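Input: a single structure, listed below in structure tokens.
The values are calculated or read from the model by the stated rules, or taken from the named source; none is laboratory data. Predicted, not measured: the structure shown is a model, and the values here were computed from it. Neighbour counts run over all protein chains shown; Cβ positions are idealised from the backbone, glycine included. What goes into the accessible areas is simple: the full protein's heavy atoms, side chains included, and nothing from ligands, DNA or RNA. Shrake-Rupley method; radii C 1.70, N 1.55, O 1.52, S 1.80 Å.
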Amino acid sequence: MSSPAAPAAPTPPADAPPGATPHTCPQCAAPLDADPRFAVWCPRCEWNLVPEHDAATDPTTPAAPATPRERAVAARTEQLYQDLAAGRTASAGRRDWLAAAAVASLVHLVTTALFGWALWLLVTGSTPLRCLGAAALAVVVLLRPRIGRVPRGESVLTRSQAPALYGLADRVAAELGARPVGVIRVDRSFNAGLAVVGLRRHSVLTLGLPLWEALDEQQRIALLGHELAHQVNGDHRRGLWLNAAIGALAHWYDLARPRRHAHWAGFRLLFHVAGLISNAVLHSLAWLLMRTLFLLDRLTARAGHQAEYHADTLAAQAASTEAARGMLKALLLDGAAGTLVSRVRAGHQSRPRTTRRGAADAQPASPASQASKAPQASPADTLWDRLRDHLAGVPPLERERLLRRSARDRAAVDSTHPPTHLRLALLAQRPPLPAAVTTSPAESAAIATELAPHRLRIARSLLAP
Ligand SMILES: [Zn+2]
Ligand SMILES: [Zn+2]
């Protein structure tokens, strides 16, 4: 999660013009509408859009100037948005896909060739060569493409455990012409995602419970719509060939990436030199692998982002444009959600241990509620209600600040999705769509019941020290 927007000191900076007050912008003297709970900023000139403490701690908004690569990626991102907003589709897409597929083939060829060589040594070689073959086979196992596996464990909801949730997901999938989801799991992230795993390409939908709880019914359908649309939005990055190659490259990079080989230092000169040489070889290999990953990213980013925009359109088709935009705006509130969880956790931990025992987590009670003898709900029981209240209380001015800040989000240029402000803008460009899928109150209640054990489990894990 990005760093929360803590209240800024309501004093103007030292270079503020004379006469500036905390309620006047020190840069353009516009009157400021200060809310003590949030950063004070100026919507007219964007003074303090990214407060200093945010910029210092938030890696998404670094103080350092953008690198040439970041500027180039940002320009390409903006160009794609302009093209799509003007109704032009990506023209260079097919050539880039072919190049990406060729790079992926090369990656798979390396693994296959090594496998073939290992087998050949094992079958035809002398005893020492067979040993070499066995070693090569072990390396192949280490380097094999990772295609993922269907998750198990407490985070997974089966179809029999959650018929209403799967039923809703199936209706959304049918609306989009997508396959029914294979497995739904929930985790503690303020996010959601769809992975396609295994040789049989099972879809695994992960719903971050904090995000799910922050959305209204229709926005949840939009979230399901966007994620399930990943099966039909033409995103080849998720195809087996390319996805396995990217996964393998990332894994190879992880194996080769520079580490400190401190254990060489105290050894004799020979070992020291061997260590230096192996480090240099690994360094070069890691560099080459990183460049290849950059190249694949470059080749697939434009079409990948176009597919993401298309997934947003399909989300709007299922849930309505208004709900899809509401869902995207909620994504900007991850910092506010993190702040609330930290605050509840801090309040919980500052309670005496004896008070916390029993219900696992006792409510940080006010004197008034301590006086009453009514049974208290634990923080884990009330976390989600408090989260919803907190996010509903984020004022429009702070939401506007978060939206404009997302436009400066440096990390977004490397991300798999286009920047949120551009996704919102593109949806706003198109004619508004009505909802095709809705939920009845009974269906919503059934889904809430199915998620109840996970709500408590994840709330406890978020509030754990
Ligand atoms: Zn101003
Ligand atoms: Zn997506």
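Distant-in-sequence amide contacts of Thr24, defined by a placed amide H-H separation under 5 Å and a gap of 5 or more residues or a different chain, comprise Leu32.
Note on Ala448 and Arg460: their simple-model spin labels are 2.2 nm apart, each label 7 Å out from Cα toward Cβ. Counted by Cβ distance under 12 Å from Leu451, the other residues give a net charge of +2, where Lys and Arg count +1 and Asp and Glu count -1. Ordered from highest to lowest accessible area with the whole protein assembly present and a 1.4 Å probe, Arg238, Arg408 read as Arg408, Arg238. If you plug the beta carbon distance of Leu142 and Ala30 into 1/(1 + (r/R0)^6) with R0 = 60 Å, you get a FRET efficiency near 0.50. Arg388 sits among other residues whose Cβ lies under 13 Å from its own Cβ, and their net charge, with Lys and Arg +1 and Asp and Glu -1, is -2. Backbone geometry of the stretch 436-450 corresponds, through the Karplus equation with coefficients 6.51, -1.76 and 1.60 at θ = phi - 60°, to 3J(HN,Hα) couplings of 9, 10, 9, 10, 7, x, 5, 5, 4, 5, 5, 5, 4, 5, 5 Hz, x marking Gly and Pro.
Can you find, among Pro68, Leu142, Gln82, the residue sitting farthest towards the positive end of the charge dipole of the stretch 61-177, where Lys and Arg contribute +1 and Asp and Glu -1 at Cβ? Most positive-ward Cα: Leu142. Modelled label positions at Ala346 and Phe294, each set 7 Å beyond Cα in the direction of Cβ, lie 4.0 nm from each other. Comparing Cα centroids, the stretch 266-315 and the stretch 194-243 end up 25 angstrom apart. For His202, the residues 5 or more places off, or on other chains, whose built amide H falls under 5 Å of its own are Val197. Using the average count of surrounding beta-carbon atoms within 10 Å as a protection proxy, the listed peptides 447-456, 418-427 rank, highest first, as 418-427, 447-456. The heavy atoms of Arg457 present about 70 square angstrom of accessible area, all protein chains included, probe 1.4 Å.
Modelled spin labels at Arg388 and Ala102, positioned 7 Å past Cα toward Cβ, are 5.4 nm from each other.
Backbone phi angles across the stretch 280-296, fed through the Karplus curve with coefficients 6.51, -1.76 and 1.60 (θ = phi - 60°), yield HN-Hα couplings of 5, 5, 5, 4, 5, 4, 4, 4, 4, 5, 5, 4, 5, 5, 4, 4, 4 Hz in residue order; Gly and Pro are listed as x.
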